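The values are calculated or read from the model by the stated rules, or taken from the named source; none is laboratory data. Everything numeric in this text was worked out from a predicted model, so none of it was measured. Glycine also receives a Cβ, built like all others from the backbone with ideal geometry; neighbour counts cover every protein chain displayed. When the accessible area is computed, the model is the full protein with side chains, heavy atoms only, and any ligands, DNA or RNA have been set aside. Shrake-Rupley method; radii C 1.70, N 1.55, O 1.52, S 1.80 Å.
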Amino acid sequence: GAGVSQTPSNKVTEKGKYVELRCDPISGHTALYWYRQSLGQGPEFLIYFQGTGAADDSGLPNDRFFAVRPEGSVSTLKIQRTERGDSAVYLCASSPGQGTFGTDTQYFGPGTRLTVL
Amino acid sequence: GDSVTQMEGPVTLSEEAFLTINCTYTATGYPSLFWYVQYPGEGLQLLLKATKADDKGSNKGFEATYRKETTSFHLEKGSVQVSDSAVYFCAPPASGGSYIPTFGRGTSLIVHP
């Protein structure tokens, strides 16, 4: 079956530009997570959605980062005024969200590699 | 401080050797604990998990036991194969009552024939 998909797979942009990264979760999964992974590091949590609402956005580094999930399915991570330090692989994951909170297995997408020149 | 401490790599082993990758965490309560794996050129995927104290998660010959008394979830395999070469991530939740998995830095495992 279809897994989590992310587009684009690669994005190169210039410092100061605006970018949008898209995530299509597994159909029926109510929970969706965004992480970013720098080289040699583990994924760093950014934001978690349960349905349409951001249940935890404590990982967003600053107000240049914003994410939406208007219909409870596809999510878009938006980065304004990109900086070179934003360069990383941005990962999306989804989980069923039906069981006891915190026990769900996350299913990861392949990631979007963002390079800010 | 860090909420998860994971053994640094790379770990280099010969085929059929015994593997241990240590992982300790700081979260309180009874969080679920996970190990994820990233094979070369592939995305992150769940390897195993344990949802309560003293549970043992297992998959593909790997095991990890949820030790609440030592807040540890060490990954073990009795006989590694070349195909186990990958990066392994321990993922307990962050501290402070959160149940969002927080990933360690990853341990690279290289298995030689």
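At-a-glance table
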{"item": "Neighbouring partner chain Cβ atoms per residue of A:41-48, average, 10 Å criterion", "result": "5"}
{"item": "Estimated vicinal HN-Hα couplings, Hz - region B:6-14 in sequence order (Karplus 6.51, -1.76, 1.60; Gly, Pro = x)", "result": "10, 3, 7, x, x, 9, 10, 9, 8"}
{"item": "Distance histogram in 5 Å bins (all Cα pairs of chain B, percent per bin)", "result": "2, 13, 24, 26, 18, 10, 5, 1, 0"}
{"item": "For B:Leu19, net neighbour charge (Lys/Arg +1, Asp/Glu -1) across residues whose Cβ lies under 9 Å away", "result": "-1"}
{"item": "Residue with peak Gaussian network fluctuation, chain B [Cα springs, cutoff 10 Å], from B:Thr70, B:Thr51, B:Thr28", "result": "B:Thr70"}
{"item": "Net charge, A:Ala67 excluded, C-beta distance under 13 Å - Lys, Arg +1, Asp, Glu -1", "result": "+1"}
{"item": "Sequence-separation-based contact order of chain B, relative, with Cα cut under 8 Å and 6+ spacing, percent", "result": "37"}
{"item": "Relative contact order (%) - criterion: Cα under 8 Å, at least six apart; region: chain A", "result": "36"}
{"item": "Protein accessible area in chain A, 1.4 Å probe - carbon and sulfur %", "result": "48"}
{"item": "Modelled label reach - A:Gln50, point 7 Å along Cα→Cβ, region A:21-39 residues with backbone N closer than 20 Å", "result": "A:25-35"}
{"item": "Å² per residue, accessible surface of the protein assembly as shown at 1.4 Å", "result": "47"}
{"item": "GNM flexibility winner over chain A from A:Tyr18, A:Tyr90, A:Tyr107 (Cα, springs under 10 Å)", "result": "A:Tyr18"}
{"item": "Positive-end residue of B:Pro113, B:Leu13, B:Thr51, charge dipole of chain B with Cβ unit charges", "result": "B:Thr51"}
{"item": "HN-Hα J in Hz across region A:110-117 - Karplus 6.51, -1.76, 1.60, θ = phi - 60°, x for Gly and Pro", "result": "x, x, 10, 8, 9, 10, 10, 8"}
{"item": "Protection proxy ranking, peptides B:52-62, A:73-83, B:82-92, average beta carbon neighbours within 10 Å, highest first", "result": "B:82-92, A:73-83, B:52-62"}
{"item": "Three-way shape call for the protein assembly as shown based on the alpha-carbon gyration tensor, with the a/c threshold at 1.5", "result": "prolate"}
{"item": "Distant-in-sequence amide H partners of B:Glu15 (H built 1.01 Å from N, under 5 Å)", "result": "B:His112"}
{"item": "Sorted largest first, extent of chain A alpha carbons per principal axis (Å)", "result": "42, 28, 27"}
{"item": "Electrostatic dipole magnitude of chain A [Cβ: Lys, Arg +1; Asp, Glu -1; Cα centre; debye, to 20]", "result": "420"}
{"item": "Chain B: most fluctuating residue of B:Glu63, B:Glu15, B:Glu42 per GNM, C-alpha cutoff 10 Å", "result": "B:Glu42"}
{"item": "Where B meets A: accessible area buried, both sides, 1.4 Å probe, Å²", "result": "1400"}
{"item": "Among A:Leu39, A:Phe49, A:Thr13 the positive-end extreme of the charge dipole of region A:3-51 (Cβ point charges)", "result": "A:Thr13"}
